[in-house]
Structure formats: C-alpha cells, structure tokens
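The values are calculated or read from the model by the stated rules, or taken from the named source; none is laboratory data. Keep in mind the model is a prediction, meaning the values are calculated, not measured. Methodologically, a virtual Cβ is constructed for each residue, glycine included, from the backbone with ideal geometry; neighbour enumeration extends over all protein chains shown. When the accessible area is computed, the model is the full protein with side chains, heavy atoms only, and any ligands, DNA or RNA have been set aside. Shrake-Rupley method; radii C 1.70, N 1.55, O 1.52, S 1.80 Å.
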Amino acid sequence: MVDFEPKIIGFLCNWCSYAGADLAGVSRLQYPANLRVVRVMCSGRVDPTFVFKALSQGADGVLIAGCHPGDCHYTEGNYNTLKRYPLMMQMLEQFGVERERVRMEWISAAEGTIYADVVREFTETIRQLGPYKRRLVKGRDQVG
Amino acid sequence: MAKLNLALYWAAACGGCDVAVLDVNEKILDIAAVANIVLWPVALDHKYADVAKMAPGSIDLCLFNGAIRNSENEQIARMLREKSQVLVAFGSCAISGGIPALANLKDRDDILRRVYLETPSTVNPDGVLPQTGCPTPVGDLHLPEFYDFVYSLDQVVEVDYYVPGCPPTPQRIWEVVQAVVSGNLPPRGATVGALDKSLCDECQRVKRDKKIKRFYRSHEIITDPELCLLEQGLLCMGPVTRGGCGTQCINANMPCRGCYGPLPGVTDQGAKYLSSIGAIMDARTPEEVDEIMQGIVDPAGTFYRFGMSTSLLKGAVKQ
Ligand code: SF4
Ligand code: SF4
Ligand code: FES
C-alpha cells in the first residue's frame with residue numbers, strides 16, 4: 001500500500017475545531033495534507049447522510065470534530081453528535097466499514113497541536129487500512 | 001375505445017404485490033373491462049415467448065414488481081421495457097430493492113455457502129452449488145445466473161413511474177390504472193399513489209416531546225393506543241417515510257417500517273432516521289447512549305428494510 005494517499009473528509013465545527021485547525025496553521029505545525037476540511041456551523045449539523053455520502057463518493061475516512069461536551073456554541077449540538085456516533089458506527093460495521101475509518105474528536109479553538117496530532121494519526125491509520133472499497137452500481141449496461 | 005394491453009410481472013419478490021392487485025376485489029372486473037392482460041405469471045398462463053413476439057411499445061402499461069436478483073429478472077425487465085409504453089416500478093422491491101436487497105449486506109459467495117452448505121437442515125455431502133447449465137441425457141438444463149447484488153428496477157432499465165409500498169394499497173393500484181386509462185398521467189419519473197408529506201403528518205396519534213430512555217421491540221411492550229409509538233420507544237420510521245398508506249401499521253399498533261420509502265428531499269432513509277433517533281435519545285454520556293442502544297439490535301436491517309439497493313452505501317463490501 002506504498003502508493004496509497006488516503007482521502008479523508010473532515011467536518012469541523014466553526015466555533016471550536018475549525019478554529020483549532022486555523023491555530024495549527026498559524027502556528028506552522030506540520031501535518032499531512034490528506035484531510036479535506038468541510039466547515040460546518042456545529043458538529044451536530046453533521047447528518048450521518050454526510051458521512052455516508054463522503055464514503056460513497058470516494059473518501060477513505062471521515063473525521064467529525066466539534067467543541068468539547070459542554071462547550072458547544074449552540075449548547076446541545078455536540079450532544080447530538082455524541083449520541084449519533086455510536087449508533088452510526090454500529091450500523092457502518094454492518095456495512096463492512098471498519099470502526100477506525102470514521103472518527104469523532106473534540107478539539108477546542110486552543111488545541112491546534114491536538115488537531116495536528118489527530119490528523120497525523122488518523123491519516124496513518126487510514127493508510128494502514130487501505131482504500132475504502134465501495135459497493136458500486138456501475139450502469140444499466142453492466143448489471144450482473 | 002380499444003382495450004389497454006396490461007402486463008403484470010414479478011421478479012425477485014414475495015408475491016404480496018400480486019396479491020394486492022387481487023385485493024382490489026370486484027374492481028378487478030373493471031380492470032378486465034378496460035384491459036387485456038397479456039402477461040401475469042401469478043394468475044395466468046402466458047409464455048415469455050408470446051410477449052417476445054409482440055411489437056415494441058405494444059403494451060400500454062406494465063406494473064413490474066420485484067427486484068432484479070438474477071439474469072432472468074434482468075432479461076424480462078429489458079424485454080418488458082422494450083414492449084411497454086409505461087413501465088411502473090411497482091412496490092418497494094422494484095423501487096429500491098425491498099426485503100430481497102437486505103442480502104446486499106452479504107455477497108454471492110456468503111449467500112450460496114450459507115444456503116447450500118451450512119444451514120443445519122441441508123444435506124449436501126458433495127458441496128454442490130447451483131450452476132447455470134447442466135447437461136442431462138435429455139438435453140442441457142439452464143438456470144438463471146444468481147447475481148452478486150440485488151438491483152432496483154431503475155438500476156437496470158428506465159422506469160416511468162414509481163408506486164411505493166410493501167405492497168402498495170389496492171386503492172392506489174386502482175388509481176394508477178385509472179390514470180393510464182384516462183391519459184391523465186403526472187410528469188415522467190413521478191412517484192404515484194403517495195404523499196409528499198411524512199407519515200407522521202398523516203398520523204393521528206398524540207405527539208409530545210420525544211425523549212427516549214429505552215427502545216423496545218414490538219413484542220416487548222404493550223403500547224398505549226393513542227400515543228405516538230416512537231415516543232413509547234418503538235422504532236417507528238414515520239418521521240422519514242412518505243405518507244400515503246393511511247397509517248396502516250400504526251392503526252394496527254405496529255410501528256412504521258418505512259415501506260413507502262424516503263420522504264422527498266431525503267437522500268438516504270436509513271441515515272436520516274439514524275440522525276433523528278440519535279437526537280431523541282435521552283442521554284448525556286457515551287455510557288448512557290450505550291445502554292439505550294441495546295434496544296436497537298439491527299440498525300442496518302431495520303432502517304434500510306426496504307431500500308438497501310438505492311441507499312448511499314448500497315450494501316457491504318469485504319475490506
Ligand atoms: S413516529 Fe410513528 S406513531 Fe409517531 S407520529 Fe410518526 S408515524 Fe405516528
Ligand atoms: S405504516 Fe409504514 S410500513 Fe406500514 S404500510 Fe405505511 S409506510 Fe408501509
Ligand atoms: S458549535 Fe462546535 S460542536 Fe456545536
């Protein structure tokens with residue numbers, strides 16, 4: 001798997017984790033460029049549909065990051081994240097998706113170093129796992 | 001007026017959709033008055049070869065139920081597409097794979113091994129698996145090829161209309177036939193015989209604040225007949241499911257399993273339901289979530305009971 005560059009989608013909440021990523025950049029921390037960031041207002045906005053869609057369209061891993069419990073800008077948003085995540089993982093396992101491919105993290109605006117560490121570690125994990133194999137429906141002329 | 005040519009077909013299905021057609025009861029005579037049935041394997045004895053001889057486009061309406069699971073299903077779907085003016089994906093299996101498509105959580109090898117080798121009631125010392133051809137003294141025998149994936153009808157051929165339900169209600173069937181007879185058809189690609197609102201919208205039960213401490217399977221609880229079933233801890237898919245069935249299951253004190261398919265605007269019924277269920281669990285810590293989740297034994301099978309083929313992930317893959 002030497003040549004494999006993982007594609008990872010990261011949903012970062014505007015108020016904490018995105019700011020944390022920003023801080024990592026401003027602090028000139030080095031971390032892999034495999035994570036494509038999608039800024040969302042709150043981690044609670046990350047409908048499992050987003051995660052499934054990312055996987056179905058070529059992502060090898062997905063990161064959902066938000067404020068620490070108790071710190072969500074919208075008070076309750078990340079509790080919804082916290083509650084959905086384990087159920088989503090149970091379901092993804094039934095679809096053959098390894099638990100390590102979808103990760104949830106709490107990263108505050110002050111935690112630039114943690115952000116960089118998470119991205120580094122997560123990229124390495126996905127590199128070890130290899131590409132995510134999707135179930136593909138190719139086209140009407142390629143049924144079988 | 002010339003009679004319509006009507007075809008009804010079942011591919012990978014349980015037969016329930018055909019029974020629903022019979023359930024229009026005496027209206028079946030009205031259907032017979034306006035339509036010539038040219039193919040209906042469950043009830044009449046036409047041969048595929050008879051249909052193959054018909055000119056392209058000579059069937060006015062084909063109600064196609066069942067998913068595409070093998071090469072015979074595919075071949076007949078292609079033939080009926082060519083012969084039909086209006087091809088309707090009829091019922092959940094044709095629309096989105098239905099119950100048969102739950103098999104997409106496994107692959108062909110898993111399924112054949114389980115069914116023909118491992119099941120306790122199977123005696124198969126030579127490990128024989130189904131073959132597509134087999135020579136015999138009286139000639140070669142052929143069986144359709146079992147595919148690795150269960151497809152929805154529109155993953156195989158173009159579909160003109162969708163009539164959801166497992167099965168569609170007899171009332172809706174009658175409406176579809178009437179619409180074709182009168183030429184009063186909605187735009188191509190439309191879902192016919194269902195509402196654009198959620199089932200909850202049509203449901204008469206009392207809805208309050210939803211905060212759930214424990215989920216139950218339907219045999220584990222005697223429910224209050226007035227109150228929203230989801231609030232009582234049953235996994236009712238009403239919030240993400242199209243209305244139109246007349247809340248049949250709810251009226252019988254059973255939670256909705258989602259057979260009318262995702263609401264318009266919902267890409268993935270299961271993921272959306274997961275999203276709403278997550279939000280209404282009355283928990284603050286991972287441990288509390290864990291405990292509540294004990295009541296949900298098979299989320300993929302429950303939340304995609306009728307729609308695996310057209311879901312975002314489509315099924316499982318061995319990584
Ligand atoms: S969740 Fe089910 S029982 Fe509750 S309002 Fe919706 S359809 Fe009715
Ligand atoms: S209540 Fe739900 S599962 Fe039952 S018929 Fe209606 S849509 Fe289908
Ligand atoms: S705003 Fe950061 S998790 Fe809600």
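When the pairs A:Lys53/B:Lys197; A:Lys138/B:Lys272; A:Lys7/A:Lys83; B:Lys47/B:Lys314 are compared against a 28 Å limit on Cα-Cα distance, B:Lys47/B:Lys314 fall above it. Across the stretch B:60-68, rounded Karplus estimates of 3J(HN,Hα) from the backbone phi angles (6.51 cos²θ - 1.76 cosθ + 1.60, θ = phi - 60°) give 6, 9, 10, 9, 9, 10, x, 8, 9 Hz, Gly and Pro being marked x.
Full extension of the chain between B:Glu220 and B:Gln294 gives 25.3 nm of extra length, using 0.36 nm per residue less the Cα-Cα distance.
Of the residues A:Phe50, B:Phe303, the one with the largest accessible area comes first in the ranking A:Phe50, B:Phe303, computed with a 1.4 Å probe on protein heavy atoms. Using θ = phi - 60° in the Karplus curve 6.51 cos²θ - 1.76 cosθ + 1.60, the 3J(HN,Hα) couplings for the stretch B:198-214 round to 6, 4, 4, 4, 8, 6, 8, 5, 6, 10, 10, 6, 9, 9, 10, 9, 8 Hz; x is entered for Gly and Pro. Rolling a 1.4 Å probe over the protein chains gives B:Asp126 an accessible area of about 130 Å². Within straight-line reach of B:Lys211, meaning a Cα separation under 15 Å, sit the following aspartates and glutamates at least 8 residues removed in sequence or on another chain: A:Glu76, B:Glu231, B:Asp282, B:Glu288, B:Glu291.
Cysteine residues of chain B whose Cβ has no partner cysteine Cβ closer than 4.7 Å: B:Cys14, B:Cys17, B:Cys62, B:Cys93, B:Cys134, B:Cys200, B:Cys203, B:Cys228, B:Cys236, B:Cys245, B:Cys249, B:Cys256.
Extension gain for B:Gln204 to B:Asn124 (0.36 nm times residue separation, less C-alpha to C-alpha distance): 23.5 nm.
In this structure the amide hydrogen of B:Leu234, modeled in the peptide plane, comes within under 5 Å of the amide hydrogens of B:Tyr216, none closer than 5 places in sequence on its chain.
Extending 7 Å from the Cα toward the beta-carbon at both B:Leu227 and A:Glu93 defines two label points whose distance is 3.1 nm.
Taking amide H as placed 1.01 Å from N in the peptide plane, A:Met104 has its amide H under 5 Å from the amide H of A:Ile64, each at least 5 places away in sequence or on another chain.
The label point for A:Glu124 and the one for B:Ala43, both projected 7 Å from the Cα toward the Cβ, are 6.7 nm apart.
Seen through its C-alpha gyration tensor, with square-root eigenvalues sorted a ≥ b ≥ c, the stretch B:108-147 comes out oblate because a/c lies at 1.5 or above while a/b is not bigger than b/c. Remark: the stretch B:8-15, residue by residue, has Karplus-estimated 3J(HN,Hα) of 10, 9, 10, 9, 6, 8, 9, x Hz, where x stands for each Gly or Pro and the curve is 6.51 cos²θ - 1.76 cosθ + 1.60 at θ = phi - 60°. For A:Val38, the residues whose amide H sits under 5 Å from its own are A:Gly10, A:Phe11, A:Leu12, ignoring neighbours fewer than 5 places away on the same chain, with H placed 1.01 Å from N. So which lysines pass the test for B:Lys27, namely a Cα distance under 18 Å, with those fewer than 8 places away in the same chain ruled out? Within the straight-line cut-off, B:Lys27 pairs with B:Lys3. Per-residue ellipticity at 222 nm, computed for chain A from helices alone with -39500 (n - 2.57) per DSSP H run of at least four residues, works out to -12500 deg cm²/dmol.
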